[in-house]
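First comes the structure, then the notes that go with it.
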Amino acid sequence: MYYKFSGFTQRLVGATAAAAYAPQGLKSLAPTESPDPIFGTSKPAPGLPATEPFLGTNKVPDLQKVFQRSDGLPIHLKRGYPDRMLYRTTMALTIGGTIYCLVALYIASQPKNQK
């Protein structure tokens, strides 16, 4: 005898072999062939004008040199001025938000004057 889980009664119930091997009424679909994976090629994609370049230059080796340079800087500051500005802005907003929360908690904890 074959069993399957019934979603209605939340128990095991008797079933046919086909139903037991395809639980909850799910039937396997006919296998479909997946398309071949598309990797970077020098051919333009269909629909793009031929004047626009399809692939740009590979920037990974240059970025690896920048990030692997041992200059004592943390990784999040290696790309110069924009990274420093983003870091400083984030720190300023974090410290400002912390001060704002502490002031708001202090004000909320003060007893209100009843007239």
Handout entry: Along principal axes, Cα extents of the range 54-96, largest first, whole Å
Key = 44, 30, 13
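Give me the extension gain from Leu93 to Tyr3: residue separation times 0.36 nm, minus the current Cα-Cα distance, reported in nm with one decimal.
Numbers: separation 90, 0.36 × 90 = 32.40 nm, distance 5.98 nm.
Roughly 26.4 nm would be gained on extension.
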Exercise for the section: Would you calculate the separation in nanometres between label points at Val60 and Tyr100, each defined as 7 Å from the Cα along the Cα-to-beta-carbon direction? Expected result: 4.1 nm
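The numbers here are math on the coordinates, done by the rules we state, and not lab data. Everything numeric in this text was worked out from a predicted model, so none of it was measured. FYI the Cβ positions are ideal-geometry reconstructions off the backbone, even for glycines, and counts take in every protein chain you see.
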